[in-house]
Ligand SMILES: *[C@@H]1O[C@H](CO)[C@@H](O)[C@H](O)[C@H]1NC(C)=O
Ligand SMILES: *[C@@H]1O[C@H](CO)[C@@H](O)[C@H](O)[C@H]1NC(C)=O
Ligand SMILES: *[C@@H]1O[C@H](CO)[C@@H](O)[C@H](O)[C@H]1NC(C)=O
Ligand SMILES: [Zn+2]
């Protein structure tokens, strides 16, 4: 399990929030707190501050590569991943995320490209249109637009390859609605299976409508049971589960959205914990790829932070800024002062400067708009952020289940990979050889840059 962009202060933020809201005693801890076994050191080959691609490659291949690298070494050669090695040994495999399924973290377990933005090629590799066929038995997440040919209205591809159609002819059962998801019977559903529930990333938990998209924990509950019922005659299954948008909310310095993503991730850890209790021969290792935002709890001059300021926030800064594009420019001051601050953020003392900064940013860059909204809430909570990017601090390491008692202490990210491959009894070396001729460069790249969510 990977909680993307989740530092130790993120855990404290969410824990303090729950304590504060419920007035519960100071000994309350989250499900993750109960599973803490150590910490992970996160640097990549190219920087002390990693991105998600290099970090996920460290977890999947066991090699430190450069920022932006997906499943390739520093000399741009494909490296076999723990998922691919598990597949070669007869395990069933899965990827479950709230991001586009082609985004850096899931991609690094089943694709090999020199730049994380080559998501069109990633889509083809993930469904096995390459050296290793049908490598991922179960794919749940967002990003359906990368699978549709450019002739389709829902496409974000630049070519006319029908990846969705190729996957169907390769035997995948395919779903894309919440109703289809709900009707999946975990005992009888056969693999391979792909469920892509959003065109781009799935909704932030704070914005999600429960009848449109499943939550991460719902995807994981069904995913684990489908993988389990399909691996009765083999060694078992390997699945990577990502709480992807914890990171994106931190990029926006949007503390309430960050909080709701963390709570959704906790619910997912609880679902995995219950699964392991019912299937005690299963193990879970959970960590983060890096911290995001340089989140701190407390700013000058007080020794205090105020979790309650996060409670009234009803929507993500991302959805507020995107809605604002539909409000006529001359009505935006009224919209921000009359609706956004009082009703969507629970702030009744907004300054003229705060209102005007958001209105001005709404016509320019949407990340600036999102950060102004996030910072208005953060200021009232006394939360600090040092960056809209990542930081280099260590992150928590958590484990539960059969045979995980020897995982204790401080690890390099690549050692987490070594631990998993040893645990599963798989070897990535032969897979790397098999992949020697993999095409790792997307022919029509660069296309539009997706720089908003590193
Ligand atoms: C980065 O990779 C190169 C080539 O493999 C290696 O020589 C160098 O020591 C690595 N640097 C770091 C900081 O890992
Ligand atoms: C990949 O898909 C293309 C169709 O676009 C097909 O012609 C080709 O044979 C496929 N390759 C593999 C390895 O599956
Ligand atoms: C799946 O099988 C288990 C065990 O046999 C049973 O308890 C459960 O009710 C079944 N679920 C469904 C949806 O049929
Ligand atoms: Zn990030």
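Values in this text are rule-based calculations from the coordinates and carry no lab data. As the structure is a prediction and not an experimental result, all values here were calculated from the model. Cβ atoms come from the backbone with ideal geometry, glycine included; neighbour counts cover every protein chain shown.
Structural remarks
- When shorter helices are ignored and each DSSP H run of at least 4 residues is given -39500 (n - 2.57), the per-residue value for the chain at 222 nm works out to -10500 deg cm²/dmol.
- Residue order, fewest to most surrounding Cβ atoms within 10 angstrom, among 326, 382, 103: 326, 382, 103
- DSSP beta bridge pairing in the chain, given as percent antiparallel to the nearest 5: 40 percent
- Legend: P(r) of segment 321-450 from all alpha carbon pair distances, 10 Å bins from 0, whole percents, reading 9, 24, 16, 19, 20, 11, 1.
- Percentage, to the nearest whole number, of Cα pairs in segment 364-406 over 16 Å apart: 61 percent
- To the nearest ten degrees, helix 255-278 and the longest principal axis of the Cα atoms of the chain are 40 degrees apart.
- Helix 352-362 and the long axis of the chain differ in direction by around 40°, with both axes built from C-alpha atoms.
- Estimated Rh, segment 108-199: Kirkwood, alpha-carbon pairs, angstrom: 13.6 Å
- Across segment 304-384, Cα-Cα pairs more than 17 Å apart make up 38 percent of the total.
- Computed across the chain, the Kirkwood hydrodynamic radius from all distinct Cα-Cα pairs reaches 22.3 Å.
- In terms of Cα atoms, the Rg and Dmax of segment 15-73 work out to 17.2, 50 Å.
- For segment 225-369, the C-alpha radius of gyration divided by 2.2 N^0.38 Å, with N the number of residues, is 1.42.
- Ordering of 121-133, 53-65, 76-88 by packing [mean C-beta count within 10 Å, highest first]: 53-65, 76-88, 121-133
- Packing rank of 363-371, 401-409, where each peptide gets the mean count of other beta carbons within 10 Å, highest leading: 363-371, 401-409
- Angle between the chain longest axis and helix 413-424 axis [Cα atoms, degrees, rounded to 10]: 40 degrees
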